[in-house]
1. Computed FRET efficiency, Cβ-Cβ of residue 206 and residue 145, R0 51 Å: what is it to the nearest 0.05?
2. Whole Å is fine, so just give me how far the alpha carbon centre of segment 41-79 lies from that of segment 101-177.
3. If you take the square roots of the eigenvalues of the alpha-carbon gyration tensor of segment 58-178 and sort them as a ≥ b ≥ c, do you get rounded (a/c under 1.5), prolate (a/b over b/c) or oblate?
4. Residue 47 to residue 266: FRET efficiency via 1/(1 + (r/R0)^6), r the Cβ-Cβ distance, R0 30 Å, to the nearest 0.05?
5. Report, largest value first, the span of the C-alpha coordinates of segment 27-291 along each principal axis, in whole Å.
6. Between residue 108 and residue 252, what is the spin-label point distance in nm, taking each point 7 Å from the Cα along the Cα→C-beta axis?
7. Label-point separation (nm) for residue 75 and residue 37, each offset 7 Å from Cα along Cα-to-Cβ?
8. Quick check: residue separation of residue 229 and residue 66 times 0.36 nm, minus the Cα distance between them. What number comes out in nm?
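What follows is calculated from the coordinates using simple rules that are stated; it is not laboratory data. Owing to the predicted nature of the structure, the values given are computational and were not obtained by experimental measurement. When we count neighbours, we look across all protein chains shown, and the Cβ atoms used for this are built from the backbone with ideal geometry, even at glycine.
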C-alpha cells in the first residue's frame with residue numbers, strides 16, 4: 001500500500017462549498033429572488049407604472065405594444081402594463097390569504113383528528129366529502145350565493161384547500177403518536193393539549209411550510225380561472241385573471257391582453273413552486289446529511 005492512499009482528503013474550499021449550496025438550494029434562491037422582485041413591484045407600483053390602471057382613453061383602444069404602451073392597451077384604452085403591475089398585489093394577496101386560511105383550519109382539524117381517536121372518523125369523512133366536490137364548483141357556488149369579493153374568493157378557496165392540510169397534519173400526528181418520547185409524555189401524566197402543542201405540532205411545521213407554498217400557487221391559478229370565467233373578483237379590481245377575462249373575446253385581434261398577464265401569472269406560480277421545492281430540500285434532514 002503506497003503512502004498516497006493514506007493521505008486524508010483535502011477539505012473543500014469556500015468557493016466549492018458555495019457552489020454545492022447553490023446546486024442544492026438553487027431552486028430556493030431562484031424562487032425567492034423572483035418573489036422579492038414581485039414584492040418590489042408591489043411597493044413601488046406607482047413609480048414603475050405611473051399611468052392610472054383605470055384611466056380610459058378611447059383614442060388609444062387596442063394599441064399594440066410600443067414604447068408608449070409597453071404591453072399595449074385593452075378595449076377601453078387602459079394601459080395593460082399598469083394594470084398588470086397594480087394587479088400584482090391583489091393576485092398575490094389572494095394566494096397568500098388562501099394559503100394562510102387553509103393552513104390555520106387544516107392544522108386545527110388535523111391535530112384534533114390525529115390526537116383524539118373518537119372524532120377522527122367524523123372529521124375525516126367530512127373532509128372526504130369536501131374533497132369529492134371540485135374546488136372550482138365550490139368557489140362558483142359560494143360566489144353565486146354571496147357577493148363577489150376578495151373575502152368570498154379567499155373563503156371559498158381556503159375551504160377547498162383545507163382538507164389537503166388536515167390530511168397531512170393528521171398523518172404526521174398519527175406517526176408521532178407512536179414515538180417513544182410521546183408515549184413517555186403520556187405515561188408521565190402530561191395533559192393531552194400540552195403533548196399535542198409541545199411534541200406533535202413542531203413536527204408539522206416543516207412539511208406544512210412546503211405545502212402552503214403549493215397551495216398559494218394553486219389558489220392564484222384558481223382565482224385567475226374564476227375571473228376568466230366571469231365568476232371571480234369584481235371587474236373593477238385589476239387582477240391578472242380579470243385582465244385576461246377582458247381580452248378573451250379579443251384574442252385574435254389583441255392577443256397581448258391575455259399573453260402578458262398570462263406570462264406574469266406563470267412566472268409567479270413557477271417562482272412559488274420553485275421556492276416550495278427548495279424549502280423542502282432545505283428542511284429535509286436527509287438532504288442536510290447528504291450535503292454534509
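1. Working: r = 37 Å, r/R0 = 0.73.
Result of the calculation: an efficiency of 0.85.
2. Here the answer is 40 Å between Cα centres.
3. Prolate is the answer for segment 58-178, as a/c is 1.5 or above and a/b outweighs b/c.
4. Values: r = 25 Å, r/R0 = 0.83.
E between residue 47 and residue 266, to the nearest 0.05, is 0.75.
5. Rounded to whole Å, the extents work out to 78, 47, 27 Å.
6. 5.2
7. According to this spin-label approximation, the distance is 3.2 nm.
8. That pair, residue 229 and residue 66, stretches by 55.8 nm at full extension.
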